[in-house]
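Before any comments, here is the structure.
The values are calculated or read from the model by the stated rules, or taken from the named source; none is laboratory data. Remember, it's a predicted structure, so these values are computed and weren't measured experimentally. Ideal geometry is used to build each Cβ from the backbone, glycine not excepted, and the neighbour counts take in all protein chains shown. These area figures cover heavy atoms from the full protein model, side chains too; ligands, DNA and RNA do not enter into them. Shrake-Rupley method; radii C 1.70, N 1.55, O 1.52, S 1.80 Å.
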Amino acid sequence: MPDRPGIERIAAATHAYRPDWPPGSIVALIARDPSLRAKTYQDLADAMTHIATDPATQTPARAREAGPWWRIGTPVSSDKSQLDPRRPRC
């Protein structure tokens, strides 16, 4: 869960991608939405970057929707049977 300075950094980064989205509006969106505030800093930053760089996105409020931006960094499969125990892990 990001603190206020973290939310402001995410808003500034998002604004850098989408100058038409005022940072104050992005901060307000995140600060007022309990589901967004409950996200980790990394998940929220990844999601906001994803939607800001998506040409189909018109507003940062799209972060409230379910979408691929909330699956960034999530393993595609948790099936460990696909791992070869003979290969070293990074």
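Within segment 61-70, restricting attention to residues that are open to solvent by less than 20 Å² (accessible area, probe 1.4 Å) and under 14 Å from residue 14 (Cα atoms), the residue that is modelled with the highest pLDDT is 63.
For first residues located in segment 41-63 and among the basic types (Lys, Arg), partners that are modelled with pLDDT of 95 or more and surrounded by 17 or more Cβ atoms within 10 Å (Cβ to Cβ) and lie 6+ apart or on another chain with Cβ distances below 7 Å form the pairs 62/51. Screening segment 38-55 for residues that are among the polar types (S, T, N, Q) and open to solvent by 60 Å² or more (accessible area, probe 1.4 Å) and picking the one that is farthest from residue 8 (Cα to Cα) gives 53. Screening residue 51 on (1) modelled with pLDDT under 95; (2) touching a Phe, Trp or Tyr at 6+ places or on another chain (Cβ under 6 Å) shows it passes everything except condition (1).
Applying a threshold of 8 Å to beta carbon distances and a minimum spacing of six or more residues, or different chains, the list of pairs starting in segment 21-32 at a residue that is farther than 19 Å from residue 54 by Cα and ending at one that is open to solvent by 50 Å² or more (accessible area, probe 1.4 Å) reads 27/8; 31/4; 31/37.
Residue count for segment 1-18 satisfying the condition of being surrounded by 14 or more Cβ atoms within 10 Å (Cβ to Cβ) and in a loop (DSSP other than H, G, I, E, B): 2. Taken over segment 19-37, the criterion of being under 19 Å from residue 67 (Cα atoms) and either open to solvent by less than 70 Å² (accessible area, probe 1.4 Å) or hydroxyl-bearing (Ser, Thr, Tyr) (or both) is satisfied by 26, 29, 30, 33, 35, 36.
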